[in-house]
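Below is one structure, written out as structure tokens; the observations come after it.
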Amino acid sequence: MSTEQDLVNHLDTVNQVVGDYLKGSDPTKISKELSIPRQKVVGYLNEWKAMAADNAAIRARAKEALVVADTHYSKLIEKAYEVIDEATMTANLSAKSGAIKLVMDLESRRIDMLQKAGLLENKELAEEMVEIEERQQVLIQILKDVAAEHPEIRDKIMGRLSSATRPGEAITIVSE
């Protein structure tokens, strides 16, 4: 009975580690949160990957969980776009700016989750990244346009854009 209980406890720990990993935590963070040595966390993740690779039922459940998570991200992104639309109608520029950043963060986290799960091949990942970058450029242009129209918040928008863009990427401030 003791070995059966040990196995159940072990599988519970593996599931907890994997759950945190799929939510975006890295092994170091999981180690700290669960008070488990990092080396054991990495071992649990490798064990899970090996089990998942050999078991069709586990692969199916993992894919189902990823589909649910991906759908959840899509809904969150849709809601963030609703906030952007509402903020545009009410001229609430700080809410609009925050919602745009939220969309970028959610897209990034979703891609990271899918990449960690191994579902995105290099070609697919590259295509997805190009699409995300195109959307980000559109969102950045919207913010630049708003900054040009509202000089009272231009510096704040440009500062936040600067922190969100790549080093070396120029942000042009348009003054009228």
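The values are calculated or read from the model by the stated rules, or taken from the named source; none is laboratory data. Since the model is a prediction, treat every value here as computed from it, not as a measurement. Note that each Cβ is placed from the backbone with ideal geometry, even for glycine, and that neighbours are counted across all protein chains shown.
Report every pair of residues separated by at least 6 positions or lying on different chains whose Cβ atoms are under 6 Å apart, first residue within segment 11-25 and touching a residue at least 12 places away in the same chain (Cβ under 8 Å) and assigned by TED's automatic domain parsing to the domain that holds Asn46, second in a helix (DSSP H, G or I) and of a type in the set (Val, Ile, Thr).
That search, which allows pairs on different chains as well, returns Val17/Ile30; Val17/Val41; Asp20/Ile30.
With respect to Glu47, is the statement that it is surrounded by fewer than 17 Cβ atoms within 10 Å (Cβ to Cβ), touching an Asp or Glu at 6+ places or on another chain (Cβ under 9 Å) and outside the structural domain of Lys101 (by TED's automatic domain parsing) true? It would help to see each step written out before you state the result.
Working: surrounded by fewer than 17 Cβ atoms within 10 Å (Cβ to Cβ): yes; touching an Asp or Glu at 6+ places or on another chain (Cβ under 9 Å): no; outside the structural domain of Lys101 (by TED's automatic domain parsing): yes.
So Glu47 fails the test.
Condition check ((1) of a type outside the set (Ser, Thr, Tyr); (2) part of a helix (DSSP H, G or I); (3) under 23 Å from Glu128 (Cα atoms)) across all residues:
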| site | (1), (2), (3) |
| --- | --- |
| Gly19 | yes, yes, no |
| Gly24 | yes, no, yes |
| Gln39 | yes, yes, no |
| Gly43 | yes, yes, no |
| Val68 | yes, yes, yes |
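Only residues in segment 69-98 that are under 19 Å from Gly24 (Cβ atoms) count as the first member; pair them with residues that are surrounded by 12 or more Cβ atoms within 10 Å (Cβ to Cβ) and among the acidic types (Asp, Glu), Cβ under 7 angstrom, at least 6 apart or cross-chain, and list the lot.
Ile77/Glu107
Determine, yes or no, whether Ile30 is of a type in the set (Val, Ile, Thr), in a helix (DSSP H, G or I) and under 30 Å from Arg160 (Cβ atoms). Let's see the steps before the verdict.
Details: of a type in the set (Val, Ile, Thr): yes; in a helix (DSSP H, G or I): yes; under 30 Å from Arg160 (Cβ atoms): no.
For Ile30, the condition - of a type in the set (Val, Ile, Thr), in a helix (DSSP H, G or I) and under 30 Å from Arg160 (Cβ atoms) - is not met.
For segment 116-167, which residues satisfy the criterion of being assigned to a helix (DSSP H, G or I), at pLDDT below 80 and closer than 28 Å to Ala62 by Cβ?
Lys116, Asn122, Lys123, Glu124, Leu125, Ala126, Glu127, Glu128, Met129, Val130
So is Ser74 part of a helix (DSSP H, G or I), in contact with a helix residue (DSSP H, G or I) (Cβ under 9 Å, 6 or more places away or on another chain) and closer than 29 Å to Arg160 by Cα or not?
Against the criterion (part of a helix (DSSP H, G or I), in contact with a helix residue (DSSP H, G or I) (Cβ under 9 Å, 6 or more places away or on another chain) and closer than 29 Å to Arg160 by Cα), Ser74 qualifies.
Name, by its number, the condition in (1) under 19 Å from Met113 (Cα atoms); (2) in the same structural domain as Ile153 (by TED's automatic domain parsing) that does not hold for Met89.
Checking Met89 against (1) under 19 Å from Met113 (Cα atoms); (2) in the same structural domain as Ile153 (by TED's automatic domain parsing), the one that fails is (1).
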